[in-house]
Structure formats: structure tokens, C-alpha cells
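Structure record follows, encoded as C-alpha cells.
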Amino acid sequence: MRQFLVFVRKEFYHIFRDKRTLLILFGMPVVLIVLFGFAITNEIHKAQIAVLDNARDAFSSRLVSRLTASGYFEVNRYLSSRAEVEPAFREGDIKLVVVIPEKFGHNFHHAKKAPLQLITDSSDPNTATTLTNYANAIVMQYQEEMGGKMELPLTIQTAVRMEYNPSLKGVFLFVPGVMTLILMLVSAMMTSITITREKELGTMEILLVSPLRPLLIIAGKVVPYIGLSFIISLLILAMGAGVFAMPVKGSLVLLLLECILFGLTALSLGILISTITNSQQTAMMISMMGLLLPTILLSGFVFPLESMPVALQVISNIFPAKWFIIILKSIMLKGGGLQQVWLPTLILSGMTLFFLALSIRNFKSRLS
Amino acid sequence: MSKQYAIVTKALTKRFGHFTATDAITFEVEQGEIFGFLGANGAGKTTAMRMLCGLLTPTSGEATIAGYDIYKQTEQVKKRIGYMSQKFSLYEDLTVKENIRFYAGIYGLSNQQIKEKTAELLRKLQMEKEGGQLVSSLPLGWKQKLSFSIAVIHDPSIVFLDEPTGGVDPITRRQFWDLIYEAADRGVTIFVTTHYMDEAEYCNRISIMVDGKIKALDTPRKLKEQFNADSMNDVFLQLARAKS
């Protein structure tokens, strides 16, 4: 036990004396949270629009003010002819042009029919779709208020309620995502690097010749990172709660236990990587390409899994990140308990054991 | 019988696939002896040493270290050996004292022992002032001497040195050998591999490996007589050329 403590202390010397390590450990979570929370967002906020108002009546101007009052749009300019639409898009600021036909109000009230054209810059299809949806919703609402209930005898009215995230805050998705990413980074990449570093330096041989058991060496190397990843989880949760009012509706204890579980999964991956390679460079490359990229792309963190081809959806199942994000969202947003997250928890536990068993097998075959 | 021998091997063999790195080597090393293990690169000396240290499992053959079987009594073996590898084996981002404390710690020395050993070691190496410095700031020669002193900090009965003086100037090498002699005087068995033939002369006995086999084993003087050579270099060249 004393030997173990001596070992762990040495590990902390390594961590705290290496500025790069410290930066990754503590700078990265803060930067990522801020970046994803504030800068990279898929919410629409004051999108620049242009209005070609051919009607110029009270009805049309009220519509425009309704659009801007929503906060999603801001009228950048008014166009005076159809010919100006194209140049407006070309300049690049304008994402949407609202074309209001002549006698808009008159037609609406008397002919019960008033066409309205929305032209979007679809070079960015996601934004274009979102913008038209928003604009449509506002227009529909406006129409209802104007007493223009559709003349259809029967209407199906859909009442939409955005459950668990009523204000549709993107950050509620990013906090679990960043948490997953950071834990993966700290636990898997850092451990694989720190273990391969000992191999590269030749100190691993000295350790293996010493009376320390190999298992103790590995444990000594990863225990500090378990502690650190736990602290970092707390840091991210605190930032999520403090800066973005990200709730934790479920049990905090369960949430933290799940964080430790995922930390262990990532650690076992890190150990596995270090049994495959002897160089820090390779370990870093494998972690980046094999772990971080799928964590970002295939976990549902940035791109929704549901819209992926079936093949990719199937592949995404083998990445622990996907399951951890499911767990996080369930506990944090839906107040889920163990009975809701037992399956992904079981999957993560199974993966951890599998990776560890594989590492031990690799390790033994290397020795002989 | 095997008690007075530090190392005994019988037909120790290691094969990697079809390649036989060490081919049935048999030799004994007496307690307190400085035993030189020579051979060209790839002759199998590092493989042999790694098997004796427990870093590699032999394919066949037997060996005992300090009377303990290397297959069954690995724990006992590990406590009684020290090892210094080709690669420089201290942590550069730790200070001299932290390195000493770490290595002494993993060999289970008590705090009191560590304190005494550290003071003694620093005094002997005349590095009292550098105790708090990072190892990375020391010159190579110092690092190597420190490395050796740390390899024997737990008073092992045998220490394995794998080309310990690579890349060091002759004066530092001489000082390094003073440390080796001093350890040998205390009864520590030294098992050393080297490229330098002048160093071979410092050993009590040497073995020369060619293609995985031990081709010669005796005192430097007798080997020179046997091969009718002026220096160990000649002996070595004769053996190495004989194969091709």
C-alpha cells in the first residue's frame, strides 16, 4: 500500500509539472463549455432578413413587426423591387427575404387568400429550414390572431409542448456532450499517453523489474486520473449550472456515479491503447482518431443520430460516448433514475470489463 | 550448492517465432563477481539479461537468481535484483531527491531508511547541493552515476547493467566504474553488458556471445592467452569474424 502511495505521488508530480497536461485538464473544459455554450450554437438569434413589401399597408407592416418582435429576425433592409433580391443574397448578410404581394391585407380580408413568399439562402440548408419554420410559425400565429381562422370546416390543431427543454436551449445538449468529450480526453487519451511515456522513456522496464506488480503499476498510473476526471466532472456540472442554468433533475449522486463509471470505461480504453503501442505519438493519434472523433461525430453530441444512415446508427452503438450521453440527458433533463438508465449503465459496465480483459490479455502476451 | 552462485543458468533459450535469440546458454556467476556480458548488437545479450530480470519469459531452460527460481519465485528474485537499462531511467521532471525517494519507496524502504540512504547517496556522489534540482538539468555523466546509485539503493545482491556507459566520456566512465567496484566490494554481484572493450578488462570474468551462443567465457587474461591476442578487442574480433 505504501508503495502504491509513493507511486501515486510521483504521478501527481508528473501531472502538475507539465503545463501542457494542466492546460488540457483544466483549460480545455472551460474553453469547450464557453465555446459550445456561447459561440457555437444552432439557435437562431436575430437572423438578418430583407423585406420586399409590395403592399405597404397596415396589415403587411404589422406582419413585419411581428417577425422582428420575435427576436429571431432583424430587418436588415427593405427592398423596392424583385431585382434586388438576388444581389441582397449575394452580399451574404441576408438569410431570408420576405416577399409580400400587392394588396396583401385586402386579399386576406376579402379574398380569404393571401400568398406570401419566403425566399431563403439555402447554401446553408439547416439554417434555411430552421428560418422558414420559425417564420412560418410566426405567420400562422399572426393569421390566427387576425381572425383569419381557416375556412376549413375541420382542422387538426397540433399543440406542441417542448418537454424537458421548453426554451430549446442548445446548451442543454452541449453540456452532456462536452462532459463526455472531456472525460474521454482526460481518461482515455491522458492515460494512454502517460503509460506509453513510461515505455518510451524506458522507466517502464525499471518498474517491471521492481517488486511492484504490473497491476499495481497500471493502477498507480490511472488512479490520479480517476480523481482528476471526477473533479473535472464537478467543474463542468458547476459551470453548466452556474453559467447556463443547466438543471440536474435526477439524483446528483447517481449522476456522479455514472460519471465515475464512464471515467472507468474511458480509462480502460486508454489502458488498452497503451498495450497496443509503445509511442506517445501513436497513442495520441489512436485516441484522437479512434476515440475523440467518434465521440464528437457519432454520439449524438453534434449531429443527431436519428438522421444518420442506418449503418452509422448501428456503428454508433459500439462507442461508449453514445450511451453516456443518453444517461446524462436522462438524469439531468428528465430526472431519470436507475430504472430508466439501467440498460446504458449495464452496457458501459460491460464495455469496461471487456476492454480491461482485452488489455490484460495483450499485456500478458507482450511479456512472453 | 547453488548458494554461492548469484546466477546459474542451464540451457536457457528464447525463441521469437523461428528466430532463436539466445540458444541454450549455460553459465554461472559467483556472488560478488563482476561479470561482463559481451557481444555484438543482436547477439542476444539483451534478451538473455531481460530473461534473468523477469522482463521476458524464457522459451525453455532453467535459471536461478540468488538461489531463487526465475519461473516460480519471481517475487523473491525481484526483491534481490537491481536493474539499470540502456535507456536513461530516471524521471527528468522529478528532482534528484524525488527520484531517490520514489525508487526507494517502491522497493519498500521505510521513511527513515530513505532519509539515511538519500543523505548517504548524495554525499557519495558529491551532489548535496543538487538534491533539489530537476534531473533534466544535470549533465549526462551525473545522471548515469545517479541512476546506478538508485539501482542499488535497496542493497540488491545482484545488479544488472545494460550498457550503462553508452555515450559518456572516458573520465566519467572511469568514475562510473569506481562506483561499480565499490558496490562489488560490498559483495554485490555485477552483471554488465558493454560495447567497450576497455571496460571488458575491468571485469573479473567475461562471456562473449555470438549468434545467441556463448562462444567464450573466462577471465580477460586467460581469454587473451587462449586466443593469443594482445587485447580484448582482438579476442572479440576473432570470435565475431569466425562466424562469417
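The values are calculated or read from the model by the stated rules, or taken from the named source; none is laboratory data. Small disclaimer: the values here were computed from a predicted structure and weren't measured. Quick reminder, even Gly has a Cβ in these numbers, built from the backbone with ideal geometry, and neighbours come from all protein chains shown.
Of the helices (runs of 4 or more DSSP H) entirely within the range A:272-368, those holding at least 1 residues that are buried (at least 20 other Cβ atoms within 10 Å of the Cβ), at pLDDT 85 or above and in the same structural domain as A:T191 (by TED's automatic domain parsing) occupy A:280-286, A:293-297, A:320-334, A:338-367. Restricting attention to the range A:178-208 and to residues that are buried (at least 23 other Cβ atoms within 10 Å of the Cβ) and among the hydroxyl-bearing types (S, T, Y), the residue that is nearest to the other protein chains (Cβ to nearest Cβ) turns out to be A:T196.
Checking the stated criteria, A:S268 turns out not to satisfy the condition of being surrounded by fewer than 19 Cβ atoms within 10 Å (Cβ to Cβ), out of contact with any Pro (no Cβ under 8 Å at 6 or more places or on another chain) and farther than 26 Å from A:L35 by Cβ.
Quick grid of which residues meet (1) of a type outside the set (F, W, Y); (2) surrounded by 15 or more Cβ atoms within 10 Å (Cβ to Cβ); (3) assigned by TED's automatic domain parsing to the domain that holds A:S233:
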{"site": "A:L25", "(1), (2), (3)": "yes, yes, yes"}
{"site": "A:P29", "(1), (2), (3)": "yes, yes, yes"}
{"site": "A:F36", "(1), (2), (3)": "no, yes, yes"}
{"site": "A:L63", "(1), (2), (3)": "yes, yes, no"}
{"site": "A:R66", "(1), (2), (3)": "yes, yes, no"}
{"site": "A:A69", "(1), (2), (3)": "yes, no, no"}
{"site": "A:V97", "(1), (2), (3)": "yes, yes, no"}
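Taken as a whole, the range A:5-16 holds no residue that is more than 14 Å from chain B (Cβ to nearest Cβ) and either free of Cβ contacts under 8 Å to residues at least 12 places away in the same chain or in a helix (DSSP H, G or I) (or both). Among the residues of the range B:114-130, is any crowded, with 18+ Cβ neighbours inside 10 Å, within 11 Å of chain A (Cβ to nearest Cβ) and either modelled with pLDDT under 90 or part of a helix (DSSP H, G or I) (or both)? Within the range B:114-130 (the criterion being crowded, with 18+ Cβ neighbours inside 10 Å, within 11 Å of chain A (Cβ to nearest Cβ) and either modelled with pLDDT under 90 or part of a helix (DSSP H, G or I) (or both)), the answer is yes, since at least one residue qualifies. Consider only pairs whose beta carbons are under 7 Å apart and that are at least six residues apart or on different chains; among these, list those whose first residue lies in the range B:11-34 and is of a type in the set (D, E, K, R) and whose second residue is modelled with pLDDT under 90 and in a loop (DSSP other than H, G, I, E, B). These pairs meet every condition: B:K14/B:L56; B:D23/B:G212.
Without any contact (Cβ under 8 Å) to a residue 24 or more places away in the chain and charged (D, E, K, R): which single residue out of A:R62, A:R2 fits that description? Every option except A:R2 fails the conditions.
Can you name the residue in the range B:60-88 that is in a loop (DSSP other than H, G, I, E, B) and more than 9 Å from chain A (Cβ to nearest Cβ) and, of all such residues, is surrounded by the fewest Cβ atoms within 10 Å (Cβ to Cβ)?
Filtering first and then ranking leaves B:K72.
If you go through the range B:153-181 and pick out every residue that is within 13 Å of chain A (Cβ to nearest Cβ) and under 23 Å from B:E201 (Cα atoms), you end up with 8. Any residue that is within 30 Å of A:G177 (Cβ to Cβ), in the same structural domain as A:D124 (by TED's automatic domain parsing), touching a Lys or Arg at 6+ places or on another chain (Cβ under 8 Å) and surrounded by 12 or more Cβ atoms within 10 Å (Cβ to Cβ) - is there at least one of those in the range A:73-94? Yes, because at least one residue in the range A:73-94 is within 30 Å of A:G177 (Cβ to Cβ), in the same structural domain as A:D124 (by TED's automatic domain parsing), touching a Lys or Arg at 6+ places or on another chain (Cβ under 8 Å) and surrounded by 12 or more Cβ atoms within 10 Å (Cβ to Cβ).
Given the structure, is B:A48 more than 14 Å from every other protein chain (Cβ to nearest Cβ), at pLDDT 90 or above and either within 21 Å of A:P211 (Cα to Cα) or crowded, with 23+ Cβ neighbours inside 10 Å (or both)?
Details: more than 14 Å from every other protein chain (Cβ to nearest Cβ): yes; at pLDDT 90 or above: yes; either within 21 Å of A:P211 (Cα to Cα) or crowded, with 23+ Cβ neighbours inside 10 Å (or both): yes.
Against the criterion (more than 14 Å from every other protein chain (Cβ to nearest Cβ), at pLDDT 90 or above and either within 21 Å of A:P211 (Cα to Cα) or crowded, with 23+ Cβ neighbours inside 10 Å (or both)), B:A48 qualifies.
Checking A:R56, A:R90 one by one, the residue that is over 30 Å from B:L109 (Cβ atoms) and outside any helix (DSSP H, G or I) is A:R56 and no other. Selection of the range B:40-63 for residues being touching a strand residue (DSSP E or B) at 6+ places or on another chain (Cβ under 6 Å), over 16 Å from B:T20 (Cβ atoms) and in contact (Cβ under 8 Å) with a residue 60 or more places away in the chain yields B:M49, B:C53. The listed residues are B:V135, B:V96, and the only one of them that is buried (at least 22 other Cβ atoms within 10 Å of the Cβ), touching a residue at least 12 places away in the same chain (Cβ under 8 Å) and away from chain A (no Cβ under 11 Å) turns out to be B:V96.
Exactly one condition in (1) within 14 Å of chain B (Cβ to nearest Cβ); (2) in contact (Cβ under 8 Å) with a residue 12 or more places away in the chain; (3) exposed (fewer than 15 other Cβ atoms within 10 Å of the Cβ) is not met by A:K46; state its number. Looking at each condition in turn, A:K46 falls short on (1). Being in contact with a Gly (Cβ under 6 Å, 6 or more places away or on another chain) and not β-branched (V, I, T) is true for just one of A:F319, A:F301. Which residue is that? Being in contact with a Gly (Cβ under 6 Å, 6 or more places away or on another chain) and not β-branched (V, I, T) holds for just one of A:F319, A:F301, which is A:F301. Sort out which residues of the range B:100-110 are in a helix (DSSP H, G or I) and more than 9 Å from chain A (Cβ to nearest Cβ), and write them in order of number. If the condition is that a residue be in a helix (DSSP H, G or I) and more than 9 Å from chain A (Cβ to nearest Cβ), then B:I100 is the only one that fits.
For the range B:40-59, enumerate the residues that are part of a loop (DSSP other than H, G, I, E, B) and within 24 Å of B:I100 (Cα to Cα). The answer is B:G54, B:L55.
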